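Chemist: Once you've had a glance at the structure underneath, I'll fire off some questions.
What follows draws every value from the coordinates through simple rules; no lab data is involved. It should be emphasised that the depicted structure is a prediction, and the values quoted were computed from it without experimental measurement. When we count neighbours, we look across all protein chains shown, and the Cβ atoms used for this are built from the backbone with ideal geometry, even at glycine.
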Amino acid sequence: MTFAVAPAVIPVFFYAVYLPFIAPITGGAPYFTVYEFLSVYLLHYSISLAYILSYPAIEAVSPTLAISLLVGKAGADGLEYDDILLTFGDDFLLKPRIQDLLDAGLAEKTGNYISITNRGKRLAWCFIQIRRLLGLPAGKG
């Protein structure tokens, strides 16, 4: 989590090392106000979080998201487990992804059916909004 550590270290260096020791020697003064520092950090965190959230979905077709969309389209009743396997046909790739969804609490298995949880719906909504913002069609890569 470099994106979180770097912003925490920079002000410590600035206030603990630069201002008391280096600034008097170089004749420098603080270049940023507190408001400007906060603005930079807000921008940094916003861009970092947007990158972290969207990178897996943008880089390639995510099997986990494809399964989530398929199960989500099935509605409240869910989709039968075997139907998901038949749709994708790759047990090696598909079964671990389904297990990841179940382990993360994004989907739940009841009997032989898998349905999306509220947490899964919220995550899917985030990706749908990002794709909409980028002008990409829903469910196409």
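Chemist: Given a Förster distance of 30 angstrom, what is the FRET efficiency for Leu136 paired with Thr33, based on the Cβ-Cβ distance and rounded to 0.05?
Modeler: 0.15
Chemist: Sorting Thr64, Thr117 on the 10 Å Cβ count, fewest up front, what's the list?
Modeler: Thr117, Thr64
Chemist: Taking the number of other C-beta atoms within 10 Å as the exposure measure, put Tyr51, Tyr41 in order starting with the fewest.
Modeler: Tyr51, Tyr41
Chemist: So for the pair Leu102, Thr117, with labels modelled 7 Å out along Cα→Cβ, what separation do we get in nm?
Modeler: Simple spin-label model gives 1.3 nm for this pair.
Chemist: Right, something else. Send over the Kirkwood Rh of segment 63-134, from the inverse of the averaged 1/r over different Cα pairs, rounded to one decimal Å.
Modeler: 12.2 Å
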